[in-house]
Each structure stands twice: as C-alpha cells, then as structure tokens.
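A.B. asks: A single structure is presented below for examination.
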Amino acid sequence: MSGTVLTINLNNLTHNYEYLRSKINAKVKLLAVVKAVAYGSDAVQIARHLETLGVDYFGVAYAEEGAALRQSGIKTPILVLHPQPHNFKLLLKYKLEPGIYSKRVLTTFAQFCMDNQQENFPVHIKYNSGLNRLGFSDADIPIILDQVEEANLSIKSLFSHLAASEDKNERPFTMQQIKRFKQFSGALQSQMMNDPMVHQSNTSGILNYPEAHFSMVRTGIGLYGFGNDAKYDQNLKPVASLTSVISQIHEIPAGGSLGYNRGFIAETTIKSATITLGHADGITRIYGHKKGFVFINGQKAPILGNVCMDMIMVDVTAINCNEGDTVIIFDSEHTAAALAEAAGTISYELITDIGPRVKRIITKK
Ligand SMILES: *Cc1c(COP(=O)(O)O)cnc(C)c1O
C-alpha cells in the first residue's frame, strides 16, 4: 500500500494504564474508553491488551462499537455511552449496557425490555451536570425511579461528564458540576435499594479533580498518551506513531508553484518532497500552508501549500534526504498533541482522524 503506517505500542499503553491507576484510589474502578476505533488506533487490539491488564469496564459511544468488541471475544462489561433506540437489540444480543440519558431513551428502553422479557437489565443513568449535551435533570428523578421499577431495570451506575476539566480557568464551573452531580446522585441513591457506582471524571478529571473520582473513572485520551497539559504529558507515553515515506523529490525554481490551486509559490529555489498520505488519511487541510510539519532525518519539514487527498508536499530544501526515506508525522518525541496544537486543533481530533487506509502495526517494544 502507501507505506504509511500507524504503529501502536502496547507497552506504552501499559505504562499509561498504570500511571492513571496510580492517580486513583485502589478501590476506584477504571473504565477504558475505546470508542472511535480506540481513538483512531485499533479497538480490538487495545481492548484485548487492557483486558489482560485487568481493566474494569470498557466505554464505547455506539452499540455497533461494543458489538464488534464482543465479536472479537471481549468479555469485560461494556458501557454504551450514546445508545440509540433503533438498535437496542444489539445491546441485548451482545450484553452491552446502555447509558440512559433522556426520558425518550428511558421509556423506549423500558418498553423494549418488557417486550423482550428482560429482567434486571443493567443500565447506567446519565446526569446533565452542565455540559448540556446528554443527560437527565434533577426534575427527572421521579420518572427514572418509576420506569426502572416498572421494567425491573438494574441501575449499575449513575454518571455525568465534565465540560472543562482540562481548563484551570474553569475550575469554579467544574466544582459546580461536581456539586450538582453529588446532589443528583445522593438524591437518587437515597431512594434506591441497590448501591450503584458513581462516575464523572474523564482523563483530565482524574488528573485535576481527585474529589470527582467517586467509585469509577472513565479515561480515553490519557490511555493513548495525552494529558491535555504539558505537565501530565511528561508522565504519559503516546501509544500511536504515524510514519510515512518520501515518494518523490522536486526542485522548484523561484516563481514556481506547488500543488493544487498553486497553493505555494517558491520565492527562491526550493526542494520539495512528496509524502504518501493526505487528507483521506487524516491529515486534513488545516495542516497545509506551513501550519503542519513532519520530521525527516531528524529535521522539521513544513507542509507546503494545500494538502491533497493522498499526498502532502513538504519543504526539504535544507534537509539531506532521498526518495524512499521514512517520514515521521508524529511519535513519542514529535507528539500528535504538538502537531495538532500548531494547526489550531487538539490531539483528540488528529489521532481519531487517521483513516482506515493507514496500515496498523502492533508492537510491544
Ligand atoms: C469520550 C468520553 C470520555 C473520555 O474522555 P477523555 O477526555 O478522552 O478521557 C469519558 N466520558 C465520556 C462520556 C465520553 O464521551
């Protein structure tokens, strides 16, 4: 194929898992978020490895993602964070546990369980503590209790999601979210027979808000090696490295142009290298026009002009390189977080964008 490879280092995953574990009390459970192909890597390989490490739960966004893990033999409980009524049957078939976030989803799921003679189906109740994306409000407590009783659902956890746990300036807002969630979970628990788990923290919640660890935490980006803060990044190891190849080298004289729409015009004679990945592989057009860069033989080469679908062109005027040489887009040293930030986005977006055409290689080195 193109020679572009995403190398997934499972030893780094182990390191990050252990680091995040070390940040939480031994009694606190850890849910590994493996949605979106484990943040653009390889959901099955990542989940299998985390299962051997003893992870307590997996989290996915949609039911199909959970079904794929079950089909690959994953046995650990799986929480589906954003289930949709049109495929509730997958939850049943694959023993996936829905995060119930609205009256509509609650009543349709309760009816679904009754229609299918399901008793004690495990569910998780999602509270909107301030993100205003998904979740119940305080006023919904009576209907939650009512439907749970009617359909005999088993509430395994109460959870919520922080809006800005990585942002120090938003500490007062986050503290407010934690307070609101405690009130909601306390009120529900006081009217329940069983004792559900309680969870609110994502990676930055784990690192910045120990008071919000409760009985479980949900970590995604941290497992993949990013802590949304240079001070935490030091202790984490990026799991994925993206490398590619120089396919051709051109000399462009002063005044010559490069790429579609003549996106780059040479002011002096330059040397450009064409690399075998483009926006179809996840290097979106925002990385063009020198916002993004790659590394060739240890030196930084900015992306020139417009990113193409299957290729980018980079400036190698000052770099000693040849056709066929390896190109580093990101790795442990030249991080995806730094590249994303340079182009005005975040590590989450860059790593989850890596397309299916890029070959995945698993290593333990
Ligand atoms: C994606 C997601 C997470 C993981 O967040 P990270 O910042 O990657 O740790 C946790 N909880 C919910 C509800 C999510 O959607």
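The values are calculated or read from the model by the stated rules, or taken from the named source; none is laboratory data. Because the structure is a prediction, the values reported are computed rather than measured. Don't worry about glycine lacking a Cβ; one is built from the backbone with ideal geometry, like all the others, and counts go over all protein chains shown. Just the protein is used for accessible areas: all its heavy atoms, side chains included, with ligands, DNA and RNA removed. Shrake-Rupley method; radii C 1.70, N 1.55, O 1.52, S 1.80 Å.
A.B. asks: Could you tell me whether any residue of the range 245-260 is open to solvent by less than 10 Å² (accessible area, probe 1.4 Å), of a type in the set (A, V, I, L, M, F, W, C) and touching a residue at least 12 places away in the same chain (Cβ under 8 Å)?
C.D. replies: Yes: the range 245-260 contains one or more residues that are open to solvent by less than 10 Å² (accessible area, probe 1.4 Å), of a type in the set (A, V, I, L, M, F, W, C) and touching a residue at least 12 places away in the same chain (Cβ under 8 Å).
A.B. asks: Then there's this: Going through T274, T284 one at a time, which residue ends up being surrounded by fewer than 18 Cβ atoms within 10 Å (Cβ to Cβ) and assigned by TED's automatic domain parsing to the domain that holds V358?
C.D. replies: T284
A.B. asks: Just one of (1) open to solvent by 80 Å² or more (accessible area, probe 1.4 Å); (2) without any contact (Cβ under 8 Å) to a residue 24 or more places away in the chain; (3) more than 21 Å from L31 (Cβ to Cβ); (4) not acidic (D, E) trips up Q183, so point out which.
C.D. replies: The one condition Q183 does not meet is (2).
A.B. asks: Select, from A164, A151, A139, A212, the only residue that is open to solvent by 40 Å² or more (accessible area, probe 1.4 Å) and either assigned by TED's automatic domain parsing to the domain that holds H82 or under 19 Å from D56 (Cα atoms) (or both). Break it down stepwise before answering.
C.D. replies: On the way: A164 fails: open to solvent by 40 Å² or more (accessible area, probe 1.4 Å); A151 fails: open to solvent by 40 Å² or more (accessible area, probe 1.4 Å); A212 fails: open to solvent by 40 Å² or more (accessible area, probe 1.4 Å).
Selected residue: A139, the only one of A164, A151, A139, A212 that is open to solvent by 40 Å² or more (accessible area, probe 1.4 Å) and either assigned by TED's automatic domain parsing to the domain that holds H82 or under 19 Å from D56 (Cα atoms) (or both).
A.B. asks: Just to check your reading of the model, which residue among K290, K365 is of a type in the set (D, E, K, R), touching a residue at least 60 places away in the same chain (Cβ under 8 Å) and open to solvent by 60 Å² or more (accessible area, probe 1.4 Å)?
C.D. replies: One residue alone meets the criteria, K365.
A.B. asks: Can you name the condition, by its number, that I178 falls short on among (1) touching a Leu at 6+ places or on another chain (Cβ under 7 Å); (2) at negative phi; (3) crowded, with 19+ Cβ neighbours inside 10 Å; (4) not hydroxyl-bearing (S, T, Y)?
C.D. replies: (1)
A.B. asks: Identify all residues within the range 217-267 that are in a loop (DSSP other than H, G, I, E, B), among the aliphatic types (A, V, I, L, M) and under 17 Å from the mean Cα position of the chain (by Cα); write none if there are none.
C.D. replies: First, the residues of the range 217-267 that are in a loop (DSSP other than H, G, I, E, B): 220-229, 234-239, 253-256, 259, 263, 266-267.
Next, from what is left, pick out any that are among the aliphatic types (A, V, I, L, M): 221, 223, 236, 239, 254, 266.
Hits for the range 217-267 are I221, L223, L236, V239.
A.B. asks: Kindly establish whether P196 is under 30 Å from L153 (Cα atoms), more than 16 Å from the ligand (Cβ to nearest atom) and in contact with a Ser or Thr (Cβ under 6 Å, 6 or more places away or on another chain).
C.D. replies: yes
A.B. asks: Give me the pairs: first residue in the range 92-115 and among the β-branched types (V, I, T), second residue part of a loop (DSSP other than H, G, I, E, B), beta-carbon distance under 9 Å, and six or more apart or on different chains, which are they?
C.D. replies: Every condition considered, the pairs that remain are I100/P83; I100/L153; V105/P83; V105/Q84.
A.B. asks: Is it true that some residue in the range 191-203 is modelled with pLDDT under 95 and either touching a Phe, Trp or Tyr at 6+ places or on another chain (Cβ under 9 Å) or surrounded by 13 or more Cβ atoms within 10 Å (Cβ to Cβ) (or both)?
C.D. replies: yes
A.B. asks: Moving on to the next point. Taking the range 141-169 on its own, how many of its residues are under 15 Å from G99 (Cα atoms), assigned to a loop (DSSP other than H, G, I, E, B) and within 16 Å of the ligand (Cβ to nearest atom)? Explain how you work it out, then say what you get.
C.D. replies: As a first pass, look at the range 141-169 and keep what is under 15 Å from G99 (Cα atoms): 144, 147-148, 153-161.
Still in the running and assigned to a loop (DSSP other than H, G, I, E, B): 153, 161.
From what's left, within 16 Å of the ligand (Cβ to nearest atom): 161.
Residues flagged as under 15 Å from G99 (Cα atoms), assigned to a loop (DSSP other than H, G, I, E, B) and within 16 Å of the ligand (Cβ to nearest atom) within the range 141-169 amount to 1.
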